[in-house]
Amino acid sequence: MNTETINKSILPQKEDLLQHSLYAKVKTVDDLKCFLQGHVYAVWDFMSLLKALQTKLTCTTTPWMPTGNAETRYLINEIVLGEETDIDAEGKRMSHFEMYIEAMEACGADTSEIKNFLDNVVTTQNIFVSIKQSNLHEDIKAFLDFTFRIIEQGKPHEIAAAFTFGREDLIPEMFTEIIRNFQESFPGINLDKLIYYFERHIELDADEHGPMAMKMITELCGNDEEKWTEVEEVSKMALEKRLGLWNAIEENILHLDMASI
């Protein structure tokens with residue numbers, strides 16, 4: 001087994017994501033804001049998967065010791081560099097999560113829920129308690145719970161599977177087109193930062209982070225068929241949870257639209 005066979009194996013889940021009915025539901029500015037307010041949790045927990053891999057594959061404590069494989073150390077550190085300290089549209093250093101928050105605020109989306117959630121994580125010092133205490137849709141809770149169970153209990157190659165195969169590359173490209181249409185239809189809303197975020201995401205994933213993540217999976221699994229099987233299983237579960245997230249956002253949009261009638 002290899003990354004190519006994994007990609008073929010998870011194709012049905014990827015197709016379900018790409019053909020999801022959510023995309024057709026994002027028709028108004030309020031629908032778009034509702035989408036962003038749900039999707040931001042995926043932007044945030046992606047960063048947590050990233051840092052979990054850095055912790056597993058490199059030495060992040062003192063005294064420093066050479067840890068693991070130098071190739072995987074290089075790959076994850078390079079990805080962290082781009083995701084945690086990228087350059088925004090104005091040339092400032094910030095993480096992709098911070099870029100997303102700024103983009104949400106620029107177009108008038110509510111960021112209070114995600115900020116309150118993160119404050120609660122700091123207060124409880126227990127992500128699972130914070131997820132349970134939140135008022136999030138049950139499918140968003142399940143999405144986050146899966147991510148942090150993998151982080152807490154998973155082996156490095158399983159965390160890498162959720163990171164690499166559990167996130168759909170084609171979706172940012174699709175949403176860039178949707179957002180461009182919004183920019184034309186609603187000239188009064190500022191979507192420049194949001195478009196920049198998605199375009200930057202596409203650029204990094206296609207040219208750098210995507211190939212690096214695939215190479216990291218190959219390095220971690222080698223010729224161990226059991227590891228490859230576990231990567232396949234986690235990848236499918238991660239995509240199923242992503243489908244659940246999409247279902248939750250779609251339901252939230254439908255409730256919003258019904259309330260406005």
Worksheet item: Would you say Val40 is at pLDDT below 95 and either in contact with a Leu (Cβ under 7 Å, 6 or more places away or on another chain) or open to solvent by less than 30 Å² (accessible area, probe 1.4 Å) (or both)?
Response: no
Worksheet, complete the sentence: Only one of Thr85, Thr123 is of a type in the set (Val, Ile, Thr) and in contact with a strand residue (DSSP E or B) (Cβ under 7 Å, 6 or more places away or on another chain), namely Thr85
Worksheet item: Does Thr164 meet the test of being more than 14 Å from Leu53 (Cβ to Cβ) and either exposed (fewer than 15 other Cβ atoms within 10 Å of the Cβ) or out of contact with any Pro (no Cβ under 9 Å at 6 or more places or on another chain) (or both)?
Response: no
Worksheet, complete the sentence: Filtering helices (runs of 4 or more DSSP H) wholly in segment 1-59 for at least 2 residues that are touching a helix residue (DSSP H, G or I) at 6+ places or on another chain (Cβ under 8 Å) and hydroxyl-bearing (Ser, Thr, Tyr) gives 3-9, 29-57
Fill in: Hey, Phe163 under 15 Å from the mean Cα position of the chain (by Cα) and aromatic (Phe, Trp, Tyr) or not
yes
Practice prompt. Name every residue in segment 91-116 that is within 21 Å of Leu50 (Cα to Cα) and touching a Phe, Trp or Tyr at 6+ places or on another chain (Cβ under 8 Å), in order of residue number.
Written response: His96, Phe97, Met99, Tyr100, Ile114
Fill in: Subset tally (residues that are surrounded by 15 or more Cβ atoms within 10 Å (Cβ to Cβ) and more than 27 Å from Gln183 (Cα to Cα)) for segment 193-209
1
Practice prompt. Could you run through segment 176-213 and say how many residues are in contact (Cβ under 8 Å) with a residue 60 or more places away in the chain and assigned to a helix (DSSP H, G or I)?
Written response: 15
Worksheet entry | Per-region count, segment 85-114, residues over 14 Å from His201 (Cβ atoms), under 17 Å from the mean Cα position of the chain (by Cα) and open to solvent by 60 Å² or more (accessible area, probe 1.4 Å) | 0
Response to the item:
Selection from segment 78-136 of residues part of a loop (DSSP other than H, G, I, E, B) and touching a residue at least 24 places away in the same chain (Cβ under 8 Å) yields Asp88, Ala89, Ser95, Cys107, Gly108, Ala109, Asp110, Thr111, Leu136
Worksheet entry | Hits in segment 131-142 (condition: surrounded by 20 or more Cβ atoms within 10 Å (Cβ to Cβ) and in contact with a Phe, Trp or Tyr (Cβ under 7 Å, 6 or more places away or on another chain)) | Ile140
Discussion item. Just to check your reading of the model, which residue among Ile101, Ile87, Ile127 is under 22 Å from Phe35 (Cα atoms) and of a type in the set (Val, Ile, Thr)?
Written reply: Ile101
Worksheet item: Can you name the residue in segment 150-161 that is at pLDDT 90 or above and either in a loop (DSSP other than H, G, I, E, B) or of a type in the set (S, T, N, Q) (or both) and, of all such residues, is surrounded by the fewest Cβ atoms within 10 Å (Cβ to Cβ)?
Response: Gln153
Practice prompt. Within segment 23-33, count every residue that is open to solvent by less than 20 Å² (accessible area, probe 1.4 Å) and of a type in the set (A, V, I, L, M, F, W, C).
Written response: 2
Item to complete: Would you check if there is a residue in segment 228-251 being over 23 Å from Arg149 (Cα atoms), open to solvent by 10 Å² or more (accessible area, probe 1.4 Å) and more than 16 Å from the chain's Cα centre (by Cα)?
Response: yes
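The values are calculated or read from the model by the stated rules, or taken from the named source; none is laboratory data. Just so it is clear, the structure is predicted and the values come from calculations on it, not from any experiment. Cβ coordinates were reconstructed from backbone atoms using ideal geometry, including for glycine residues, and neighbour counts include every protein chain displayed. Keep in mind that these areas ignore ligands, DNA and RNA; they rest on the heavy atoms of the full protein, side chains included. Shrake-Rupley method; radii C 1.70, N 1.55, O 1.52, S 1.80 Å.
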